[in-house]
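Shown next, in structure tokens, is the structure this report addresses.
The values are calculated or read from the model by the stated rules, or taken from the named source; none is laboratory data. None of the values given here were measured: they were computed from a predicted structure. For neighbour counting, all protein chains shown are included, and Cβ atoms are generated from backbone atoms with ideal geometry for every residue, glycine included. For the accessible areas, the whole protein counts, side chains as well, though only heavy atoms, and no ligand, DNA or RNA atoms are used. Shrake-Rupley method; radii C 1.70, N 1.55, O 1.52, S 1.80 Å.
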Amino acid sequence: LAGSISSSGRFASGLVAISLETLFGMNTRDALTVSIPLFLACLPITMYFFSRVVFNFNTRVSKIVAWLTCFSGPITLSYLYFYLGQNSGLAAIPLILGVGYLTITRVDLKLLILSSFLVNALFVTYLGMLPYALAPLGILALYMLAVKTLSINNFFKLLFFALLISFIMNF
């Protein structure tokens, strides 16, 4: 149904809505409206993951973060303004940041593959959010290079294999 549009030129959120239309016989407006809370329902669990992994918060505090995310004003407004594309990629940012943090601090091939899949999924879902997920990871990597907790060799290995995996996935 997406036709010949390149994967970076379409919103995967529209594909979710098309799936809801097809599976449940909804009209287009209803399917798009149901898609938004479906996307937003993923945000609290990714914020919980991010809080536990990156900030090393305890379970109680991370649960509070997740619950407060449910009641966040900007999140609620994004639903009211019907931001379909942005909402489809919103939960991916803390997820990519958390997995990317683990990848950079542990330099593991399995984590690198997972990170690359997530980054490329966000590339297809909502390209405009990709810098918000990648810039903090780049700054973290540069900081770790400066304080010598990440070797230059490992940095270039991560960069090379992330680009290689992304090229293969997009080819």
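Tabulated results
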quantity	calculated
Among (i) 17.6, 56; (ii) 15.4, 48; (iii) 31.8, 117, the entry derived from the coordinates for Rg and Dmax of the Cα atoms in Å	(i)
Degrees separating the helix 152-170 axis from the principal Cα axis of the chain, which is the longest one	30
Karplus 3J(HN,Hα) series, Hz, for the stretch 100-114 with 6.51 cos²θ - 1.76 cosθ + 1.60 (x for Gly, Pro)	x, 4, 4, 4, 6, 7, 10, 6, 10, 4, 4, 5, 5, 5, 4
In order through the stretch 51-56: 3J(HN,Hα) via Karplus (6.51 cos²θ - 1.76 cosθ + 1.60), integer Hz, x for Gly, Pro	4, 6, 7, 7, 8, 6
Peptides ranked, highest mean first, by Cβ atoms within 10 Å: ranges 151-161, 92-102	92-102, 151-161
Two-site FRET efficiency, ILE152 against ILE18, from Cβ-Cβ distance with R₀ of 45 Å, rounded to 0.05	0.50
Probe 1.4 Å, protein heavy atoms only - accessible area per residue of the chain in square angstrom	61
Computed magnitude of the charge dipole of the stretch 12-112 (debye, nearest 20; Cβ of K, R +1, Cβ of D, E -1)	380
Using θ = phi - 60° and Karplus 6.51 cos²θ - 1.76 cosθ + 1.60, couplings along the stretch 26-36 (whole Hz; Gly, Pro as x)	7, 7, 4, 4, 5, 5, 5, 5, 6, 4, 4
Contact order normalised by residue count of the stretch 85-171, Cα under 8 Å, 6+ apart, percent	36
Share of carbon and sulfur in the accessible heavy-atom surface of the chain [1.4 Å probe, %]	72
